[in-house]
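Taking it in order: structure first as structure tokens, then the write-up.
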Amino acid sequence: MIGLFDSGVGGLSVLKAVVNNGIKDNFIYFGDTKNVPYGTKTKDEILSYTKDIMEFFIKKGADCAIMACNTSSALVYEELRRQFSDKIKIYPLIQYAAPYFKDEKQTIGVMATSATVKSFAYTKEITKLNPCCNIIEQECQKFVEIVEKRLYEDISSLNYIKEKLEYFKNAGCKKIILGCTHFPYLVPVFKKYAGSIEFIDPAELLIKSIKNELIINASGRNSFEFYVSSDPENFKQSGSMFFDIKEDVSLAEFAKV
Ligand code: DGL
């Protein structure tokens, strides 16, 4: 069983990528909708939320957990690995995606949450293997709200998106890493303002790395369980635009207390 978690619907973009890559297994997804957004929280807060999520996955019988959330991959992966690695294998997004940029010569943009950008996790991970790589990180925290609350059509959302893409264009970025799992949903809108900039989804890079490992342990049949920490209905409504959620969405037991 594979666990995936995020602060909300963003991680469904990772679940979709896993399923589209042909992994057939039992999936358990947790959206921490009570605590969304993670990108404005402290490291201690995120550590406390994600420890509960790991315990929940372990109790449910998951043998691995994909951190379908860049913010927690940036801030708390090491702590979670130290604490839980004897019980569950944990796959963080940024650390698996970064090696794919080891030969990159062009300026790369990273759009991410405030916390991810403040941590410079992408810059640190990429420059470990490619010290001269020019990386421009820019927080785009409001994109999370645009996706969670379905505000795509609002004029203020479009102006904000346009402004952020202008920033990357002016900085000379030819590629932009979608450094938050909520952002792949906005790519069709980004493309209207982005000229020839290429968008890269780290989830695809993570899966390239771990696909064989996942296949070896997979059950061979897809099944899905969806849990949240509040408002299952809203999750289903926002999430269904991105993933075909046929199952009921439930409140996780630990979130009820
Ligand atoms: N989707 C998450 C990420 O990849 C968290 C976004 C948020 O809740 O601020 O960083």
> Does the range 150-157 contain any residue that is more than 30 Å from Gln237 (Cβ to Cβ) and either at pLDDT below 95 or of a type in the set (A, V, I, L, M) (or both)?
Replying inline: no
> Does Phe56 count as more than 13 Å from the ligand (Cβ to nearest atom) and under 22 Å from Gly239 (Cα atoms)?
Replying inline: yes
> Does the range 216-234 hold any residues that are under 22 Å from Lys24 (Cβ atoms) and either part of a helix (DSSP H, G or I) or open to solvent by 80 Å² or more (accessible area, probe 1.4 Å) (or both), and which are they?
Replying inline: Ile216, Asn217, Arg221
> When you look at Lys174, is it open to solvent by 40 Å² or more (accessible area, probe 1.4 Å), among the charged types (D, E, K, R) and within 25 Å of Ala17 (Cα to Cα), yes or no?
Replying inline: yes
> Pairs, please: C-beta under 6 Å, at least 6 apart or cross-chain, first residue open to solvent by 30 Å² or more (accessible area, probe 1.4 Å) and in the range 194-215, second in a helix (DSSP H, G or I)?
Replying inline: Phe199/Val187; Asp201/Pro184; Glu204/Ala17; Ser209/Tyr96
> Applying the selection to the range 59-89, what residues are among the hydroxyl-bearing types (Ser, Thr, Tyr) and open to solvent by 10 Å² or more (accessible area, probe 1.4 Å)?
Replying inline: Tyr77, Ser85
> Restricting the first residue to the range 158-170 and requiring it to be closer than 14 Å to Gln141 by Cα, which pairs with a second residue that is open to solvent by 80 Å² or more (accessible area, probe 1.4 Å) and assigned to a helix (DSSP H, G or I) meet a Cβ separation below 7 Å and a spacing of at least six or different chains?
Replying inline: Tyr160/Lys142
>> Can you find, within the range 95-126, the residue that is least open to solvent (accessible area, probe 1.4 Å) among those that are within 11 Å of the ligand (Cβ to nearest atom) and out of contact with any Leu (no Cβ under 9 Å at 6 or more places or on another chain)?
In response: Thr113
> If you check Leu206, Leu178, which single one turns out to be assigned to a strand (DSSP E or B) and within 22 Å of Gln95 (Cβ to Cβ)?
Replying inline: Leu178
>> With the structure loaded, tell me whether Phe57 is more than 15 Å from the chain's Cα centre (by Cα) and outside any strand (DSSP E or B) or whether it fails that test.
In response: yes
> Is it fair to say Ser85 is polar (S, T, N, Q) and either touching an Asp or Glu at 6+ places or on another chain (Cβ under 7 Å) or within 16 Å of the ligand (Cβ to nearest atom) (or both)?
Replying inline: no
> Tally time: how many residues in the range 1-53 are near the ligand (Cβ under 10 Å from one of its atoms) and among the acidic types (Asp, Glu)?
Replying inline: 2
>> Anything in the range 1-52 that is open to solvent by 10 Å² or more (accessible area, probe 1.4 Å), over 15 Å from Asn70 (Cβ atoms) and outside any helix (DSSP H, G or I)? List them, or say none.
In response: Met1, Asn21, Gly22, Lys24, Asn26, Thr33, Lys34, Asn35, Thr42
>> Just to check your reading of the model, which residue among Glu145, Glu153 is away from the ligand (no atom under 13 Å from the Cβ), surrounded by fewer than 18 Cβ atoms within 10 Å (Cβ to Cβ) and either in contact (Cβ under 8 Å) with a residue 12 or more places away in the chain or closer than 17 Å to Tyr193 by Cβ (or both)?
In response: Glu153
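The values are calculated or read from the model by the stated rules, or taken from the named source; none is laboratory data. In this text, all values refer to a predicted model and were calculated from it rather than measured experimentally. Ideal geometry is used to build each Cβ from the backbone, glycine not excepted, and the neighbour counts take in all protein chains shown. Heads up: the accessible areas ignore ligands, DNA and RNA and are worked out on the full protein's heavy atoms, side chains in. Shrake-Rupley method; radii C 1.70, N 1.55, O 1.52, S 1.80 Å.
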